[in-house]
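The values are calculated or read from the model by the stated rules, or taken from the named source; none is laboratory data. Because the structure is a prediction, the values reported are computed rather than measured. Glycine gets a Cβ as well: all are built from the backbone with ideal geometry, and neighbour counts include every protein chain shown.
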Amino acid sequence: MTLTLTQIQAILEKENLLREFITPAKWCLSAPFEKNFQQLSYDSSQVNEDTLFFCKGNNFKQAYLEQALSQGLAVYIAEQPFEVDAELAIIVHDIRKALAVLSMAFYDYPQEELKIIGITGTKGKTTTAYFAKKILDRSNGEKTALLSTLSTTLDGVTFFKSQLTTPESLELYKMMRQAVANGMTHLVMEVSSQAYKVARVYGLTFDVGIFLNISPDHIGPIEHPTFEDYFYCKRQLIANAKQVVLQNETDHSDLLLEMAQQQAIPVITYGDMGADYHVEPLKHPLSFALQAEADDLELNGEYDLRLAGDFNKENAAAALIASRLVGADPTSAKKGLAEALVPGRMNLLLKENGAHIYVDYAHNYLSMKTILAFAKENHPEGTITVVTGSTGNKAESRREGIGQAIGEFADAAILTMDDPNFEAPEKIAAEIQAAIQNDHVAVSYIENRKQAILQALEAAGPNDAVILAGKGTDKYMTLNGKDDTYEGDYVIVENYLNQ
């Protein structure tokens, strides 16, 4: 992978980003010499003489550039010149946009070799992404890369933890190139509002863009100053997609439709009876039907899920429509969706007597309140039992919030360990219990998490719900600074139900 100075000039001029070139001898509008760049970087510790160094970021300091120059750097690109001894400064209007367009060129436009689904929305991005990946995997033989909040895979099967919901543009195109090299044909990626705010996906066109919903979030001095700014960034996905899949009841859907119409971008809606595809919940809590008058995608029919909640049925509908638009066949779509499991996101298993078992990552007040309130609403005549703990040696304030949510919505709680690390599990449990301000909640303590889960499963009756919160599908338990092997809450329940 290389870029020449001549190529860089042409790309920046095409995007109207180039201001000038500055050498110690003169200022000019054309590259004053030719040079091959073998590397792009914005990390001052990762440079050499063949690196193009990007001076970017709100906290960028001249000292970083000086460090890079001391390691042999010759050329930098920035929005303003610095008083340093460099062979060449490339000055641009917008450094983040320059990084995006030069990164895609450096990695030889890998997006053109992939079918890409981009997903945005305040809630549901990760779930929808996992649904779409599983559907496409069924159709293309596990050749679907994934970039999500939870995890990333560039070979379709090996997952690693994500650093950002949407990577910086330099990493994004590097990952895409790796995915293509690994034989991937499709990419499903979450697109955060920040990705548009700071131009991580500037210049990238999605084959399909999914817009799930919009509500006030991420508003503050660090991310978005106002809801208007947040919504403006979110909706840029509409303008940068070849086709759009839209929830027809989402707030401001009229503006989103107007935006698509202005640019002649086709839209398929899903949701209530007024949508192109109507999502109809069925009697079984993990089933729904899709119905369209003009079923061009051949998606009409009934579908099964492994995740609870009507909102997940709508997320599934979005994933089904988008996946069909990028080539998944209807049979694979139905089978893939039925197999899709989003790690720790309200995974539902059913006990033979009808009891509902939810496995969820809930680990603070808001997430615990959400899952418990959902369970209480859907099991009004049953007992709501939660099995939980809280991590040791960090985020101690979560314990009070967990206890508060239990006091508000649960009938019983079995407190247990959840990565206690160097803290005593019973001490953590006592702090949670102290925050359960409700004498009607039956609280017990069983240190061994598997034993606590099994006791809750045994006691669950036909109308009851058991929430296993905190660990999700994690396969380790942090004890005394070490990650010990742990079966995982979901596996423990599966084994119990299959015995």
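For region 83-132, a residue qualifies if it is farther than 14 Å from TYR202 by Cα and of a type in the set (S, T, N, Q), and the qualifying residues are THR120, THR122, THR126, THR127, THR128. Can you tell me which residue is surrounded by the fewest Cβ atoms within 10 Å (Cβ to Cβ) among those in region 120-144 that are of a type in the set (Ser, Thr, Tyr) and not in a helix (DSSP H, G or I)? Among those residues, the one meeting the criterion is THR122. The set of residues in region 411-422 being surrounded by 20 or more Cβ atoms within 10 Å (Cβ to Cβ) and either in contact (Cβ under 8 Å) with a residue 40 or more places away in the chain or more than 21 Å from TYR361 (Cα to Cα) (or both) consists of ILE414, MET417, ASP418, ASP419, PRO420.
Kindly evaluate GLN178 against the criterion of being in the same structural domain as PHE211 (by the TED database), touching a helix residue (DSSP H, G or I) at 6+ places or on another chain (Cβ under 9 Å), at pLDDT below 95 and not hydroxyl-bearing (Ser, Thr, Tyr). Break it down stepwise before answering.
Numbers: in the same structural domain as PHE211 (by the TED database): yes; touching a helix residue (DSSP H, G or I) at 6+ places or on another chain (Cβ under 9 Å): yes; at pLDDT below 95: no; not hydroxyl-bearing (Ser, Thr, Tyr): yes.
Criteria not met by GLN178.
Here GLU258 clears all of (1) touching a residue at least 12 places away in the same chain (Cβ under 8 Å); (2) outside any loop (DSSP other than H, G, I, E, B); (3) more than 30 Å from ASN378 (Cα to Cα) except the condition numbered (1).
Candidates are the residues of region 80-113 that are of a type in the set (A, V, I, L, M, F, W, C) and in contact with a Gly (Cβ under 9 Å, 6 or more places away or on another chain); the one that is surrounded by the most Cβ atoms within 10 Å (Cβ to Cβ) is ALA100. Looking at GLY354, GLY327, just one residue is in a loop (DSSP other than H, G, I, E, B) and either at pLDDT below 95 or hydroxyl-bearing (Ser, Thr, Tyr) (or both), and that residue is GLY354. Scanning region 247-300 for residues that are charged (D, E, K, R), out of contact with any Pro (no Cβ under 7 Å at 6 or more places or on another chain) and surrounded by fewer than 18 Cβ atoms within 10 Å (Cβ to Cβ) returns GLU249, ASP251, ASP254, GLU258, ASP272, GLU280, LYS283, GLU293, ASP295, ASP296.
For (1) surrounded by fewer than 12 Cβ atoms within 10 Å (Cβ to Cβ); (2) out of contact with any helix residue (DSSP H, G or I) (no Cβ under 9 Å at 6 or more places or on another chain); (3) free of Cβ contacts under 8 Å to residues at least 24 places away in the same chain, each residue gets a yes or a no:
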| site | (1), (2), (3) |
| --- | --- |
| THR23 | no, yes, no |
| LYS26 | yes, yes, yes |
| PRO32 | no, no, no |
| ASN36 | yes, no, no |
| LEU40 | no, no, no |
| SER44 | no, no, no |
| VAL47 | no, no, no |
| LEU52 | no, no, no |
| ASN59 | yes, yes, yes |
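Figure legend. Inter-residue proximity from region 423-437: first residues within 14 Å of GLY403 (Cβ to Cβ), second residues hydroxyl-bearing (Ser, Thr, Tyr), beta-carbon distance below 7 Å, spacing 6+ or different chains. Indicated pairs: ILE428/SER390; ALA429/TYR445; ILE432/SER390. Against the conditions (1) among the polar types (S, T, N, Q); (2) more than 15 Å from the chain's Cα centre (by Cα); (3) at pLDDT below 90, SER162 satisfies every one except (2).
So is THR166 of a type outside the set (Gly, Ala, Ser), assigned by the TED database to the domain that holds ARG324, under 28 Å from THR2 (Cα atoms) and part of a strand (DSSP E or B) or not? Spelling it out, it is not the case that THR166 is of a type outside the set (Gly, Ala, Ser), assigned by the TED database to the domain that holds ARG324, under 28 Å from THR2 (Cα atoms) and part of a strand (DSSP E or B). Hey, any hits in region 32-41 for a residue that's assigned to a strand (DSSP E or B), over 34 Å from the mean Cα position of the chain (by Cα) and modelled with pLDDT of 95 or more? Yes: region 32-41 contains one or more residues that are assigned to a strand (DSSP E or B), over 34 Å from the mean Cα position of the chain (by Cα) and modelled with pLDDT of 95 or more.
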